[in-house]
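These notes concern the structure reproduced below.
The values are calculated or read from the model by the stated rules, or taken from the named source; none is laboratory data. Keep in mind the model is a prediction, meaning the values are calculated, not measured. Here the Cβ positions follow ideal geometry from the backbone for every residue, glycine too, while neighbour counts run over all protein chains shown. Accessible surface areas use protein heavy atoms only, side chains included; no ligands, DNA or RNA. Shrake-Rupley method; radii C 1.70, N 1.55, O 1.52, S 1.80 Å.
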Amino acid sequence: MKCWICGDEATTGEHLIKASDLRSVFGHVSQRNPVYLHNALRRNQPVGGIKSDILKSNALICASCNNHRTQPYDLAWDQLSRYIRDRKPPIRNGDWISLEKVFPGATQRSMLRVHLFFVKLFGCTIAEHNVSIDLASFANALLSETPHPNVYVAISPHIDRPGMKSVGYSDLQTAQLNGRVAFGVWMYVLDGFSVRVMFALPTERRRDGLVRAWHPSTVRKCIRVAKF
């Protein structure tokens, strides 16, 4: 199998939920202290380690892309994710997140890298499920460290079940026009907040979701917590 990002031999799987996010919610995970995976095929499947392959995408990428090329994108998301998780009080609809507090002196470049972290996960979904979205545009954005023109991100509060810790990701929901995907959306969910990642062609009219989202071309000193 070839890496969908660079074309080299692919040997590693990308975490569908970042390992640092899993640790932040569940702490140390082991055979004696497992977490439980629920999906459409099976419920209460014990997972005895954060690095388990069951938590990774089946769309493999090469070690260089996983460990080096996209590492700055992972680290940027780590920083923003940690800030949101630790924020007191927790984020609420309509709040503003000061990016200068998260990334002092490097706001725009860091938010571009956050955007590219979700471009990478989106690309893994496209590759794994053979979605009719141009995968080359996702690879090009990652290789050149430039924004994907059609990918938008929104951060929202999220409460699943009070008192129960949970993380997860949704299926990709799409709408097609003339045999190609014109709009797509999926969610990356952590304990206390969620990230809605959207793909929209320039002609797509589903502006209700996009106006609540941000794109690297529009980011300045803060982003607003979205309400959906």
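Tabulated results
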{"quantity": "Sole residue being out of contact with any strand residue (DSSP E or B) (no Cβ under 8 Å at 6 or more places or on another chain) and closer than 19 Å to SER170 by Cβ, chosen from PHE122, PHE117, PHE103", "calculated": "PHE117"}
{"quantity": "Any hit, the range 83-93, residues being hydrophobic (A, V, I, L, M, F, W, C), in a helix (DSSP H, G or I) and touching a helix residue (DSSP H, G or I) at 6+ places or on another chain (Cβ under 6 Å)", "calculated": "no"}
{"quantity": "Count of residues meeting criterion [among the hydrophobic types (A, V, I, L, M, F, W, C), part of a loop (DSSP other than H, G, I, E, B) and touching a residue at least 60 places away in the same chain (Cβ under 8 Å)] in the range 174-213", "calculated": "1"}
{"quantity": "Residue in the range 185-228 that is modelled with the highest pLDDT, counting only those that are hydroxyl-bearing (Ser, Thr, Tyr) and over 18 Å from TYR169 (Cα atoms)", "calculated": "SER217"}
{"quantity": "Hits in the range 190-207 (condition: surrounded by 19 or more Cβ atoms within 10 Å (Cβ to Cβ) and not charged (D, E, K, R))", "calculated": "LEU190, PHE193, SER194, VAL195, VAL197, MET198, PHE199, ALA200"}
{"quantity": "Among the residues listed as ALA127, ALA141, ALA154, the single one being buried (at least 22 other Cβ atoms within 10 Å of the Cβ), in contact with a helix residue (DSSP H, G or I) (Cβ under 8 Å, 6 or more places away or on another chain) and more than 29 Å from VAL25 (Cα to Cα)", "calculated": "ALA141"}
{"quantity": "Residue check, SER132 assigned to a loop (DSSP other than H, G, I, E, B) and either of a type in the set (D, E, K, R) or open to solvent by 10 Å² or more (accessible area, probe 1.4 Å) (or both)", "calculated": "yes"}
